[in-house]
Amino acid sequence: MNNNRRQLLASACALALLSPLGARAADKVNVTASFSILGDLVRVVGGPRVALTTLVGPDQDAHGFEPQAAHAKALLQSQLLVTNGLDFEHWIHKLAKAAGFKGKTLVASKGIKPLQVGRQTDPHAWQNPQNVMVYVQNIADSLGQLDPAGAETYQANAKAYIQELVALDLWAQEQLAPIPATKRKVICSHDAFGYLGAYYKITFLAPQGVSTEAEPSARQVALLIRQIKREKIKAVFVENMADPKLLAQLSQDAGVSIGADLYSDALSGPDKPGATYLQMMRHNVTQLAAGMRLN
Ligand SMILES: [Zn+2]
C-alpha cells in the first residue's frame, strides 16, 4: 500500500468516527418513506445522496397495511422516517416501536391546513399540489439537518420541484376551467380527493369514507345510486389501490360506466401513467376533466 492510499484510508476512518451518522456518513442517508407518493418526493429532494426504502409500494393500499418483519428491518436501518401523518398510517407507531426505531421522524404534512370530514381528519393532503410544496420543503429541511453537507443540494432540489408543482397547478386550473360548475361532480370508491375537490372546486361523492377500512352501509350505497341517477352523473372512477368490486356493483346498479383508474393513495408501477407524483396528477386531472364533460 502506498503512502497516499494509507493516508486516504486513515482520513476516511477519522471522518466516520467524527460524524454523527457513524460509518454510513461517507455513504448515503438512509430514509424510509411510509408510502409510494412520499417515496417519490423523497427521491426528488434527496437524489443520489439518499438511499430510500418505501414501505407501502405502488398500487398498494396504505390504510389497511399490515407491516411484516422485513419492513421493521428496513426501518431499523434508517436514519429518517417520513410519514404523511393526519392519521393516514395509523400502523406506523406500532411498527416503529416493534422495530426499535431510534431515528428521526418527519411528518411531511406538518404545517398544512387539514380538512375535516365530519369528525375525521382527511389524510389525503397530497391531492392538492399547494400542500405538496409544503411537504417538499419539510423533506428538504429535514434531510439538511441530518446531512448538513447536502443541505444546499436538498434546498435547490426542493426549489426546482416546487416550480414544477406551480406549473402543474396552473396546468390543472387551465384543464378544469372550461367545465361548468353544474358538471363538477365525480363518483369514486373512497373519499380520497377532498383536498383536490376543495381546491379545484369539484364535488366528489364516495360510498366509502376517508379510509378504505370503513365498509359503506347498503343504505349509503342506495342513496348514492339515487343521487347518481337524479343528477345524471357519468363521471365514475375506480382507484388503483382500492377494491374495484364495490364500484363495479354501484355503476351497474346506477347504469353508468366506469372511467379510467385514478391514482389516489398510491403511485402506479413504472409501466402505467401514474409512476410519479407529477404524472399521477396530470393523469387524474385529464381523466377527471374528460369524465365531468360527460355529466
Ligand atoms: Zn385513502
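Values computed for the structure shown
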item	result
Residue 195 in contact (Cβ under 8 Å) with a residue 24 or more places away in the chain, open to solvent by less than 30 Å² (accessible area, probe 1.4 Å) and aromatic (Phe, Trp, Tyr)	yes
Sole residue being acidic (Asp, Glu), surrounded by 13 or more Cβ atoms within 10 Å (Cβ to Cβ) and either over 22 Å from residue 153 (Cβ atoms) or modelled with pLDDT under 95 (or both), chosen from 27, 61, 40	61
Evaluation of residue 242 against (1) assigned to a loop (DSSP other than H, G, I, E, B); (2) out of contact with any strand residue (DSSP E or B) (no Cβ under 7 Å at 6 or more places or on another chain); (3) of a type outside the set (Lys, Arg) (one fails), failing number	(2)
Residues (open to solvent by 20 Å² or more (accessible area, probe 1.4 Å), among the hydrophobic types (A, V, I, L, M, F, W, C) and closer than 20 Å to residue 136 by Cα) located in the range 161-192	162, 166, 167, 170, 171
When residues of the range 115-129 are limited to those that are over 17 Å from residue 169 (Cα atoms) and more than 14 Å from the ligand (Cβ to nearest atom), the one surrounded by the most Cβ atoms within 10 Å (Cβ to Cβ)	116
Residue check, residue 286 at negative phi, open to solvent by 50 Å² or more (accessible area, probe 1.4 Å) and either among the hydroxyl-bearing types (Ser, Thr, Tyr) or within 14 Å of the ligand (Cβ to nearest atom) (or both)	yes
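The values are calculated or read from the model by the stated rules, or taken from the named source; none is laboratory data. Note that this is a predicted model, so its numbers are computed, not measured. All Cβ positions, glycine included, derive from the backbone under ideal geometry; neighbour counts span all protein chains shown. Remember, those area values only see protein heavy atoms, side chains included, never the ligands or the DNA or RNA. Shrake-Rupley method; radii C 1.70, N 1.55, O 1.52, S 1.80 Å.
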